[in-house]
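The values are calculated or read from the model by the stated rules, or taken from the named source; none is laboratory data. As the structure is a computational prediction, the values presented were derived from the model and not from experiment. Neighbour counts are summed over all protein chains in view; Cβ atoms, including those assigned to glycine, are modelled from backbone coordinates with ideal geometry. Protein only, heavy atoms only, side chains kept; ligands, DNA and RNA dropped before computing areas. Shrake-Rupley method; radii C 1.70, N 1.55, O 1.52, S 1.80 Å.
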Amino acid sequence: MLENNSENGLGTSGESYLVGKNFFMRSTSRFKKNSLMRLTVNTEAVKDVLNNVSGNKIINDYRGIKVLSSYGKINFPDLNWAILAEIDYQEAMMPVYNIRNEIIFYSIFIFLIVLIIVIILSKKITIPIQKLNEAVCETGKGNFNEFKISKTNDEIGELSESFIKMYHKISEQAEKLEKERTNSINLLIDSQEKE
């Protein structure tokens, strides 16, 4: 139990000990020399045991250090002794803190990965829509220059294809109208010259 290893037994800060009804330690302390029958242990845990209460609590031990304490009464005739097993709160909580820190780290890591994926996917969707919108605006202004619209295999790609077909038809119609207008002007000029 007193192995000096944080993964076995009571770790580097834990100990178990006995306390009599007069609050003197009935065993040796791991931390104080010459403790047998000389060290007074007047803690909440000892008081609970002497009042026939067993349990587990976070208390300050006889050194004044916050510990996790598990305590009970020794059931032996004519003995009113308490047996206590305690470990420093910080050492006992270290695995919990480590797991908490790992969860926070992995949560942030996963959040950043998801954020990067969302940004990439949103760019993949919004950039073709923006280019298509620019092409529509330019066409609406009467500018029939070729536009570079990215072709994708989704609904945006289908919309782009439809726009390109519409663009070519409008461009052809504009050319026909320009030719007809030019022909009309030429006919008007010819007829004025004849007159």
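For the chain, with every protein chain kept in place, what is the accessible area per residue (1.4 Å probe, Å²)? Working shown, then result.
Values: 14180 Å² over 195 residues.
For the chain, the per-residue accessible area is 73 Å².
So if each residue of separation counts as 0.36 nm, and I subtract the Cα-Cα distance between GLU102 and ASP190, what length gain in nm does that give? Don't skip to the answer; put the middle values down first.
Numbers: separation 88, 0.36 × 88 = 31.68 nm, distance 8.85 nm.
Using 0.36 nm per residue and subtracting the Cα-Cα distance, I get 22.8 nm.
Rounded to the nearest 10 degrees, the angle from helix 89-140 to the longest Cα principal axis of the chain is 10 degrees.
Legend: distances between Cα atoms for LYS141/LYS165; LYS123/LYS176; LYS21/LYS57; pairs beyond 27 Å are LYS123/LYS176. What is the helix-to-structure angle for 155-194, meaning the angle in degrees between its Cα long axis and the longest Cα principal axis of the chain, kept from 0 to 90 and rounded to the nearest 10? That helix lies at roughly 20 degrees to the long axis. At q = 0.12, 0.19 Å⁻¹ the log10 of I(q)/I(0) for the chain amounts to -0.78, -1.20, computed by Debye summation with a single uniform scatterer per C-alpha, solvent ignored. Just tell me which lysines come within less than 19 Å, Cα to Cα, of LYS124; anything on the same chain fewer than 8 places away is out. Within reach: LYS148, LYS151.
Protection proxy ranking for 122-131, 174-183, using the average of other Cβ atoms within 10 Å per residue and placing the highest first: 122-131, 174-183. Note on the stretch 29-48 and the stretch 148-195: Cα centroid distance 100 Å, given to the nearest whole angstrom. Taking label positions 7 Å along the Cα-Cβ direction at both MET93 and GLU134, the computed distance is 5.7 nm, reported to one decimal.
The Cβ shell under 12 Å around ILE83 holds other residues with a net charge of 0, Lys and Arg each +1, Asp and Glu each -1.
With a Förster radius of 25 Å, plug the Cβ-Cβ distance of LYS66 and LEU36 into 1/(1 + (r/R0)^6) and report the FRET value to the nearest 0.05.
Details: r = 25 Å, r/R0 = 1.00.
The value I calculate is 0.50.
For ILE127 and LYS169, a Förster radius of 30 Å and the Cβ-Cβ distance give a FRET efficiency of 0.70, rounded to the nearest 0.05.
Atom-type composition of the exposed protein surface of the chain places 58 percent of the accessible area on carbon and sulfur (1.4 angstrom probe). The relative contact order of the stretch 1-119, computed from alpha carbon pairs under 8 Å that lie at least 6 residues apart in sequence, is 21 percent.
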